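Laboratory data are not the source of any read-out in this text; all were calculated from the coordinates shown. Remember, it's a predicted structure, so these values are computed and weren't measured experimentally. Counting neighbours? That spans all protein chains shown, and the Cβs are built from the backbone with ideal geometry, glycine included.
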Amino acid sequence: MTATDRSIELINAAAQAAADRLAHDIIAYDVSDVLSITDAFLLASAPNDRQVKSIVDEIEERLQKELGAKPVRREGDRDARWILLDYVDVVIHVQHSEERVFYALERLWKDCPEIPLPEDAVKTRGKAEEYARLTGSTEGEQS
């Protein structure tokens with residue numbers, strides 16, 4: 001089994017929204033063969049809590065506006081270190097860079113096929129330094 005066209009559409013729109021908010025290390029996995037509860041995961045990072053929230057808000061707004069999709073669950077808002085958006089078909093994880101390194105979700109899903117993402121989203125891999133330079137923020141900044 002592979003991720004549905006709808007799942008791929010949601011992943012691509014979410015990845016582009018995350019990239020537009022300068023998320024970095026954006027990657028998506030087709031987990032449909034190993035999980036029965038969802039088709040795909042999208043992972044993205046940000047160097048500070050405010051940017052994590054901004055990325056999540058942009059993803060949620062874009063998926064609602066462009067695709068009519070609303071998450072059935074949103075978790076992690078309070079600390080904004082790791083926010084999860086559950087759209088049933090796809091699950092989106094936006095993590096503070098430190099959580100991303102610590103939990104290393106890529107290690108868990110490395111055997112699953114990677115979903116090709118829009119070129120703009122892929123270009124953001126490793127762009128945390130650029131965001132910090134543009135905004136004057138630092139890696140450990142708290143909101």
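Taking N as the number of residues in segment 1-48, what is its Cα Rg relative to 2.2 N^0.38 Å? Please report the intermediate quantities before stating the final value.
Numbers: Rg = 11.5 Å, N = 48, 2.2 N^0.38 = 9.6 Å.
Dividing the Cα Rg of segment 1-48 by 2.2 N^0.38 Å gives 1.21.
Quick one: which of 31-37, 17-23 comes out on top by average Cβ neighbours within 10 Å, and what's the full order, highest first? If you can, show how the numbers build up before the last one.
On the way: 31-37: 14.1, 17-23: 23.3.
Going from most to least packed, we get 17-23, 31-37.
Which value in nm describes the separation of the simple spin-label points at Asp79 and Asp5, placed 7 Å from the Cα toward the beta carbon?
In this crude spin-label approximation the distance works out to 4.1 nm.
Give, rounded to the nearest 20 debye, the magnitude of the charge dipole that the chain has about its Cα centre when Lys and Arg contribute +1 at Cβ and Asp and Glu contribute -1 at Cβ. Each step should come with its number before you reach the end.
Values: 18 positive and 29 negative charges, 50 e Å.
Here the size comes out at about 240 debye.
Hey, rough spin-label estimate for Glu98 and Lys123, points 7 angstrom out along Cα→Cβ, what's it come to in nanometres?
According to this spin-label approximation, the distance is 3.1 nm.
Nearest 5 percent is fine: what portion of the DSSP beta bridges confined to segment 5-135 is antiparallel? Don't skip to the end; give the middle numbers.
Working: 14 of 21 bridges.
Around 65 percent of the beta bridges assigned by DSSP in segment 5-135 are antiparallel ones.
Arrange Ser54, Ser7, Ser45 by Cβ neighbour counts within 10 Å, fewest through most, would you? Please list the in-between numbers first.
Values: Ser54 18, Ser7 22, Ser45 28.
Sorted ascending by nearby Cβ count, the order is Ser54, Ser7, Ser45.
Report the convex hull volume per residue for the chain, counting only C-alpha atoms, in Å³.
Details: hull volume 14.1 nm³, N = 143.
Cα convex hull per residue, to the nearest whole number: 98 Å³.
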